[in-house]
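Novice: Take this structure, written in structure tokens, and hold onto it; I'll ask about it next.
Coordinate-derived values only; no laboratory data. Just so we're clear, the structure is a prediction, and the values are computed from it rather than from any experiment. Cβ atoms come from the backbone with ideal geometry, glycine included; neighbour counts cover every protein chain shown.
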2 protein chains.
Amino acid sequence: MHQHKTTPESPIGIFDSGVGGLTVVRAIQSILPSERIIYFGDTARVPYGSKSQVTIRKYAQDDTSILMRYQPKMIIVACNTVSALALDVVRKTSGSIPVIGVLEAGAELAAGMTAIKRIGVIGTQATVCSNAYACAINDLDPDIEVYSKACPLFVPLAEEGFVDHPAAQLIAGEYLADFDERHIDTLVLGCTHYPILRRMIENTVGPGIAIIDSAEAVARRAKETLLERSLLNPSTATETPHLLVSDLPQKFSTLYRLFMGADMPDVELTDI
Amino acid sequence: MHQHKTTPESPIGIFDSGVGGLTVVRAIQSILPSERIIYFGDTARVPYGSKSQVTIRKYAQDDTSILMRYQPKMIIVACNTVSALALDVVRKTSGSIPVIGVLEAGAELAAGMTAIKRIGVIGTQATVCSNAYACAINDLDPDIEVYSKACPLFVPLAEEGFVDHPAAQLIAGEYLADFDERHIDTLVLGCTHYPILRRMIENTVGPGIAIIDSAEAVARRAKETLLERSLLNPSTATETPHLLVSDLPQKFSTLYRLFMGADMPDVELTDI
């Protein structure tokens, strides 16, 4: 277990299995532009969502250890799969600093949003099988019914840029058909890749269903936690995130642009 | 570098990034039923085809080292991506035993098959970008024109069982459209997952194009090599392959059935 002194000037550590967590970086930058961000994406071992709990927990420990080298004041788990299956591992590995999972933040937002207490959740195989969203939502309100559906093809479709392709629409139609008879009013995008497909998902489920993007929820929760602990960075400078990845594949810059809407800055390659 | 004494009774080591290489196991079993097979699938780090050459070469070394513990008489690289980018790493790590790559075997079969000297190749991003199929084919016959196309969604579609789904047909139509004007007569399935989608791919490219499945080609080449070196196993017993994986995700048994057409036997989990 690590122990280090944190100050308001310490960075916020964020990690994900790959590039999807950049949606969280973007949301944090938008409401906390003066915070220093260290992002680690485990691009050498992505994806996590189709792997076993044992492996996901081992990877979560590695990822946290990499961020701890930078003595962060907080860790944000941008990966829904790790949030669902290994948040305790991250907490144990990071010692006494606050740890915020994207799943808890999304669950809280969804529980506050549903008027008829019926929520749908879509995510990876591992996230959906863990039942973690239903548990987190029912911890807040045991009367809410939660219906989950794994959508394994959404990540590769998003990464291929098939965001409104007829094939993607057919697949979305099939994955999301179950929700028709569930009469939900709120749908959680339980994977950081899914906001890329948001418009298509909205069109598929139809109007009247609120879409929850956990990236914004986790950013707001991070701000509250830093405020409570007097750890907000007082600087007025705008900070550029420091990006670490375990692999730099050819398509990385394309993916960066897809998730961040900007050209790729310098990226540091690190061994796991 | 490992050195060990091999005998006809020594096993054949086969590895792949995941489960796709089981198509090679199946082909070997079919023509060499008395050979002992050790198969390693790197299911904890799959896929390789979207990763960088540096990472693929590191993984190839790890995978070979795992197989070398079993003192094999031969190594078969069932992964097209590793065959394309890291066959030299496998050879260096395995010492003096023969190493056969699925890519070389497929290239040889395709070069012998094309009448009009026009071959198409489909594979992962990494395999296609390496240009390794074109090099291997042109080493055999410099007059053959080779056209390659990366089909990144084929692996997730195969693993999801979308083998003749309308969405898969739309995606195949888009990926394979380029070949229409190339007037090829031979198409190499340059990824061990693609045989799962073979019928759909055949229907998409239309009649008159020979489909090359490298699994059968590599099995025949393995038999020839063992014969030349007097290393064929003289046993008449039928051997069950020994399966090693680095992760055992929930869907493993479903994937095993998809690739092997049989129920999953005992599988050993190994750390990388």
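Novice: Can you list the distances in nanometres, one decimal and ascending, from the B:Asp263 label point to the identical position in each other copy, with the point 7 Å along Cα to Cβ?
Specialist: Result for B:Asp263, in nm, nearest copy first: 6.0.
Novice: Give me the three principal axis extents of the stretch A:1-132 from the C-alpha atoms, as integers in angstrom, largest value leading.
Specialist: If we take the Cα atoms of the stretch A:1-132, the spans are 44, 33, 25 Å.
Novice: Along Cα→Cβ at 7 Å, what distances in nm separate the A:Gly206 label point from those on the other copies, shortest first?
Specialist: 4.1
Novice: Would you work out which of A:His183, A:Leu269, A:Thr240 lies farthest towards the positive end of the dipole of the stretch A:152-272, given +1 charges on the beta-carbon of Lys and Arg and -1 on that of Asp and Glu, about the Cα centre?
Specialist: The Cα lying farthest towards the positive end belongs to A:Thr240.
Novice: So how do A:Lys73, B:Lys51, A:Lys92 line up by other beta-carbon neighbours within 10 Å, fewest first?
Specialist: Going from sparsest to densest Cβ surroundings: A:Lys92, A:Lys73, B:Lys51.
Novice: Rounded to the nearest 0.05, what FRET efficiency is calculated for A:Asp88 and A:Asp180 with R0 set to 35 Å and r the Cβ-Cβ distance? Don't jump to the answer; show the numbers that get you there.
Specialist: On the way: r = 36 Å, r/R0 = 1.03.
It comes to 0.45.
Novice: Quick one: Debye curve from the C-alpha atoms of the protein assembly as shown, no solvent, what's log10 I(q)/I(0) at q = 0.11 Å⁻¹?
Specialist: -0.99
Novice: Stokes-Einstein D for chain A at 10 °C, 1.306 mPa s, Kirkwood Rh over Cα pairs, in µm²/s? It would help to have the intermediate numbers written out before the result.
Specialist: On the way: Rh = 18.6 Å.
Reported coefficient: 85 µm²/s.
Novice: Grab the beta carbon distance between B:Thr6 and B:Asp263, set R0 = 35 Å, and tell me the FRET efficiency rounded to 0.05.
Specialist: Efficiency for this residue pair is about 0.65.
Novice: Can you sort A:Glu174, B:Glu108, A:Glu224 by how many other beta carbons sit within 10 Å, fewest first?
Specialist: Lowest count first: A:Glu224, A:Glu174, B:Glu108.
Novice: Sort largest first and round to whole Å: the equivalent ellipsoid semi-axes of the stretch B:119-272, each the square root of five times a Cα gyration tensor eigenvalue.
Specialist: On the way: eigenvalues 172, 111, 41 Å².
With the √(5λ) rule applied to the stretch B:119-272, the semi-axes are 29, 24, 14 Å.
Novice: If you fit an axis through the alpha-carbon atoms of helix B:22-31 and take the longest principal axis of the Cα set of chain B, what angle between them do you get, 0 to 90°, nearest 10?
Specialist: The helix B:22-31 is inclined about 70 degrees to chain B.
Novice: Taking each label point as 7 Å beyond Cα in the direction of the beta carbon, state the distances from B:Pro142 to the same residue in the other copies, shortest first, in nm.
Specialist: So the distances to the same position in the other copies read 7.9 nm.
Novice: Between 0 and 90 degrees, rounded to the nearest ten: what's the tilt of helix A:214-228 against the longest Cα principal axis of chain A?
Specialist: Helix A:214-228 sits at roughly 40 degrees to that axis.
Novice: Pull up the cross-link candidates among the lysines for B:Lys73, meaning alpha carbon to alpha carbon under 30 Å and not fewer than 8 places away within one chain.
Specialist: Counting by Cα, and skipping residues close in sequence, B:Lys73 has these lysines nearby: B:Lys5, B:Lys51, B:Lys58, B:Lys92, B:Lys223.
Novice: Now for a separate question. For helix A:166-176, what angle does its Cα long axis make with the longest principal axis of chain A, in degrees from 0 to 90 and rounded to 10?
Specialist: It works out to around 80 degrees.
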